[in-house]
Amino acid sequence: LEHLLGYYYVQEIASMLPAMALNPKPNELVLDLCAAPGSKTTQMAAMMKNTGTIIANDAKLDRIKILASNLERCGVTNAILTRKDGVVLCEKLKNEKFKFNKILVDAPCSGEGTIRSTPKTLLMWNINTIKSLSKLQKKLLESAIEVLKIGGEIVYSTCTHATEENEEVLDYVLKKYPDIKVEKISLPVKCTSGILEWTGGNYSKEVEKSCRIYPHVSNTEGFFIAKFRKMR
């Protein structure tokens, strides 16, 4: 009953970590670029004490419906829902000179970190899908950087272990945006540093500051989290 009334929202601890890393404050302007189904949006709204504004975006209508339902159930009143391709939304916001204090890019991913709880993920695994998702993730993250205020923070996260979707994405934006720096994050579970070399390629040393969460180490689902700050 308490869950149905919105007194609490059940989610795995690893899923809660990106919002904890971003740490949105009351009265800030926050963008949740890939928000549905709303677990992290409701968490951030609570952290912000329902003040400020969260732009909660997702591209698919069926997911938006679930997002809207969860926000209503949990009594979130500081969120504005939008249904747009994340890259297109950021482009429109950039043209309007709209900037955010903090942005969460919890990107669509191959979900390798959820295999323990959702074994069917393994059956759908495909290297071509990973490569395709990597391209999308790079576009989403660089689009988000364009609408971040100077001094603002972005958290990029996925629930996968695939380096192509994690460190490779970080390395890409670090090379393209020299004014973006990776920040070390402290989380209440054991983190393993980001990988600096994969399939013959080498990544920026900054990538090492990212956080890999492994099921066999932390007894959670698998996750990848990195935090950026825009220096100028």
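Cross-link pairs exceeding 30 Å in C-alpha to C-alpha distance, out of 65/138; 49/205; 99/176; 25/92, comprise 49/205. The portion of the accessible surface of the chain made up by carbon and sulfur, rounded to a whole percent, is 55 (1.4 Å probe; DNA, RNA and ligands excluded). Toward the positive end of the charge dipole of the chain, with +1 on the Cβ of Lys and Arg and -1 on the Cβ of Asp and Glu, the farthest Cα among 15, 26, 154 is that of 26.
In the context of the full set of protein chains, the chain has a per residue accessible area of 48 Å² (1.4 Å probe).
For the chain, a Gaussian network of Cα nodes joined below 10 Å ranks 54, 130, 13 by mean-square fluctuation, and the top entry is 13.
The GluC sites (Glu not before Pro) found in the stretch 8-87 that occupy coil by DSSP, while having at most 16 further C-beta atoms within 10 Å, are 12. Cysteine residues of the chain whose Cβ has no partner cysteine Cβ closer than 4.7 Å: 34, 74, 90, 109, 159. Residues in the stretch 108-125 carry Karplus couplings, in order, of x, 8, 6, x, 4, x, 9, 4, 4, 9, 10, x, 5, 4, 5, 5, 9, 4 Hz; the curve used is 6.51 cos²θ - 1.76 cosθ + 1.60 with θ = phi - 60°, and Gly or Pro positions show x. The order of 185, 145 by accessible area, most exposed first and with a 1.4 Å probe, is 185, 145. Shown in residue order for the stretch 174-183 are the 3J(HN,Hα) couplings computed by the Karplus curve 6.51 cos²θ - 1.76 cosθ + 1.60 at θ = phi - 60°: 5, 6, 7, 10, x, 8, 9, 10, 7, 9 Hz (x for Gly and Pro). Across the protein chains, with a 1.4 Å probe defining accessible surface, the residues 214, 172, 7, 156 rank 7, 172, 214, 156 from largest area downward. Here residue 143 sits with roughly 20 square angstrom of accessible surface, probe radius 1.4 Å.
The values are calculated or read from the model by the stated rules, or taken from the named source; none is laboratory data. Everything numeric in this text was worked out from a predicted model, so none of it was measured. Counting neighbours? That spans all protein chains shown, and the Cβs are built from the backbone with ideal geometry, glycine included. Accessible surface is based on the protein model in full, side chains and every heavy atom, while ligands, DNA and RNA are left aside. Shrake-Rupley method; radii C 1.70, N 1.55, O 1.52, S 1.80 Å.
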